[in-house]
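Below: one structure, written as C-alpha cells.
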Amino acid sequence: MTTHISNAIIMRTWEFGETDLLVSFFTSDKGRLKGVAKGGRKSRKRFANCLDLLSLVKLEYELKRGRELYFLHSGKLVHAFPGIRSDFSSLSLASYMIELTETLFPLSVTDKEMFALLKNAFLALNEGKRNGVLRILFEAKAMALGGYRINLDKCCGCGRPYAGEGRAAFKQSKGSLACLKCEQESKLSPGLSPDSVKVLRVIQSTPWDKAQTLDLNNEMIREIKPVLKLHIEYRTGQRLKTAQYLE
C-alpha cells in the first residue's frame, strides 16, 4: 500500500455511515477518484475545511488492497474560491463544469491539462470574470481535451478547406463545419461568422492564459454558444442536469 499526496478539487460528497464521507475528487496526477474520509463529517483536525464542494485541496490518501475506494488520511485547504460561492450564477457554472468533467473523464483517467483547466476556470470565476465567456472557453477546451475537438478546417460535406471567408454552418452529427452549399443555417445547424470560427479555433488550440485574452463580443457569444450546446449533447449523448441552471 502506497500513500499518495495530490492537489485535488472536491467534486462531490455523500454521507457514508454515521460520521464518514464518501468523496469524489479530481487529482492532478491520478484523474478522478473516489475515497472514504473516516470521520470526515466531524474531524476538525485531519480535514479542517477541506472537504467542501469545489475546494482546491492537498489530499493524502491510499488504496486499500482488495478495495476500489481510496482511504483519505488527511487534507489541507489550498483555495476555497469564496467568490464562486457568493454568486448563484457562478456557483451554477462551476457545478456545470464539474458535471462536464465527470462526463468526459471516467474514474482514474489521468489528464493534467484537464485538472489545470478546471482549476484555472475556478480561479477566473472566483475573480468575477464574465460567466458567458468563461463557459465558452471551458466547454470548447474541455471537449477538445476529451477528444471531441470541432473540425474547423474544412467542410464535412464537400471537403473544401475553410479559408475564413464567408459564413459556415455547424453540422452536429459530424462535429464539423459545413459550407453553405452543403448545409443551410438552421436551429439544428447554427451559423458561424469568420470571426467566430477564428475565435473558436484559437480557444481549442491555445493555452488557457492566451485564450482568456480573447475579446469575445456579444455576437460571437451568441453564435458560439448554441454550437457548443449541440456539440456537447450529441457527443456525450445527454443534456447535463446542471445545464438547466445556466439558461
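The table below gives the values:
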quantity: Rg followed by Dmax, in Å, when the chain is reduced to its Cα trace; calculated: 20.1, 65
quantity: Within the stretch 85-190: Cβ-based charge dipole about Cα centre, in debye rounded to nearest 20 (Lys, Arg +1; Asp, Glu -1); calculated: 280
quantity: Computed over the stretch 169-247: relative contact order in percent, which uses C-alpha pairs under 8 Å that are six or more apart; calculated: 29
quantity: Compactness of the stretch 160-203, expressed as Rg and Dmax over alpha-carbon positions, Å; calculated: 9.7, 27
quantity: Proximal charge balance of residue 11 [Cβ under 11 Å; K/R count +1, D/E count -1]; calculated: +1
quantity: Mean ellipticity per residue at 222 nm, deg cm²/dmol - from DSSP H runs of n ≥ 4 across the chain, formula -39500 (n - 2.57); calculated: -11000 deg cm²/dmol
quantity: Debye equation applied to the C-alpha atoms of the stretch 91-138, log10 I(q)/I(0) at 0.21, 0.24, 0.31 Å⁻¹; calculated: -0.70, -0.88, -1.28
quantity: Sequence-separation-based contact order of the stretch 92-167, relative, with Cα cut under 8 Å and 6+ spacing, percent; calculated: 28
quantity: Relative contact order %, the stretch 3-80, counting alpha carbon pairs below 8 Å whose residues are six or more apart; calculated: 32
quantity: Cysteines having no other Cys beta carbon under 4.7 Å from their own, within the chain; calculated: 50, 156, 158, 182
quantity: For the stretch 3-80, the spread of Cα positions along each principal axis, largest first, Å; calculated: 33, 31, 19
quantity: Segment residue 184-residue 127, length gained on full extension (0.36 nm per residue, minus Cα span); calculated: 16.5 nm
quantity: Projected-area mean, the stretch 146-247, by convex hull of Cα positions, square nanometres; calculated: 6.9
quantity: Selection of trypsin sites (Lys or Arg not before Pro), the stretch 63-130, meeting DSSP coil and at most 15 other Cβ within 10 Å; calculated: 64, 65, 67, 130
quantity: Peptides ranked, highest mean first, by Cβ atoms within 10 Å: ranges 154-167, 135-148, 187-200, 98-111; calculated: 135-148, 187-200, 98-111, 154-167
quantity: Among beta bridges that DSSP assigns inside the chain, antiparallel share in %, nearest 5; calculated: 90
quantity: Principal semi-axes in Å for the stretch 108-199 [√(5λ), Cα gyration tensor, largest first]; calculated: 29, 16, 10
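Where a number appears in this text, it was derived from the coordinates with a stated rule and is not lab data. All values derive from a computational prediction rather than experimental measurement. All Cβ positions, glycine included, derive from the backbone under ideal geometry; neighbour counts span all protein chains shown.
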